[in-house]
Amino acid sequence: MTRSSDLRFRATTAFQRHVANPLMRRLPFHTLLETTGRVSGLPRRTPLGGRRVGDVFWLVSEFGERSQYVRNIKADPRVRVRLGGRWHSGTARLLPDDDPVARLRTLPRGNSAAVRALGTGLLTIRVDLSS
């Protein structure tokens, strides 16, 4: 990782952790991904953007395997997704062979633009919803 992308990663994640995520978690209809903390075993809720297509929820991680929620998924792929204020259980799959830039074109524009602008290691994630 280059020095500039590392700086972008650290600045973006600090802003998300301390400002954006606490605010977004409080919005009742914002999409949340709940993973299980790989060390603590506690539920971890991350606001994000994506799109449901049938029984599948698609998203793109802006920092790929450096994202904490991606690390949690690698340790335990069982997740929950809050869509429209309702929780859905599912199993997450990391898709490193998928084209994340093409995938972003199928997802909501606002979030996709931010992910493209800030991201340094895009990774597509598919969540197969069971309820």
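Applying the selection to region 47-59, what residues are in contact with a helix residue (DSSP H, G or I) (Cβ under 9 Å, 6 or more places away or on another chain) and of a type in the set (A, V, I, L, M)?
L48, L59
Got at least one residue in region 92-103 being in a loop (DSSP other than H, G, I, E, B), surrounded by 14 or more Cβ atoms within 10 Å (Cβ to Cβ) and not hydrophobic (A, V, I, L, M, F, W, C)?
Taking every residue of region 92-103 in turn, at least one turns out to be in a loop (DSSP other than H, G, I, E, B), surrounded by 14 or more Cβ atoms within 10 Å (Cβ to Cβ) and not hydrophobic (A, V, I, L, M, F, W, C).
Taking into account only those residues within region 1-14 that are modelled with pLDDT of 65 or more and open to solvent by 90 Å² or more (accessible area, probe 1.4 Å), which is farthest from P108 (Cα to Cα)?
Residue satisfying both the conditions and the ranking: R3.
Could you list, in sequence order, the residues of region 77-89 that are in contact with a Pro (Cβ under 9 Å, 6 or more places away or on another chain) and at pLDDT below 95?
If the condition is that a residue be in contact with a Pro (Cβ under 9 Å, 6 or more places away or on another chain) and at pLDDT below 95, then G85 is the only one that fits.
May I ask you to list the residues in region 98-131 that are polar (S, T, N, Q) and out of contact with any helix residue (DSSP H, G or I) (no Cβ under 8 Å at 6 or more places or on another chain)?
Start the filter on region 98-131 by keeping residues that are polar (S, T, N, Q), which leaves 106, 111-112, 120, 124, 130-131.
Correct list: T106, N111, S130, S131.
Take the residues in region 63-76 that are open to solvent by less than 50 Å² (accessible area, probe 1.4 Å) and at pLDDT 95 or above, then tell me which one is farthest from the chain's Cα centre (by Cα).
D76
Would region 109-125 turn up any residue that is open to solvent by less than 60 Å² (accessible area, probe 1.4 Å), in a loop (DSSP other than H, G, I, E, B), more than 26 Å from T2 (Cβ to Cβ) and in contact (Cβ under 8 Å) with a residue 40 or more places away in the chain?
No - not one qualifying residue is present in region 109-125.
What tally of residues in region 26-46 results from selecting those that are open to solvent by 20 Å² or more (accessible area, probe 1.4 Å) and either in contact with a helix residue (DSSP H, G or I) (Cβ under 8 Å, 6 or more places away or on another chain) or within 24 Å of A113 (Cα to Cα) (or both)?
Counting residues in region 26-46 that are open to solvent by 20 Å² or more (accessible area, probe 1.4 Å) and either in contact with a helix residue (DSSP H, G or I) (Cβ under 8 Å, 6 or more places away or on another chain) or within 24 Å of A113 (Cα to Cα) (or both) gives 12.
The values are calculated or read from the model by the stated rules, or taken from the named source; none is laboratory data. Treat the numbers as computed from the prediction; the structure is a model and nothing was measured. FYI the Cβ positions are ideal-geometry reconstructions off the backbone, even for glycines, and counts take in every protein chain you see. Surface accessibility is based on the protein's heavy atoms, side chains included, excluding ligands, DNA and RNA. Shrake-Rupley method; radii C 1.70, N 1.55, O 1.52, S 1.80 Å.
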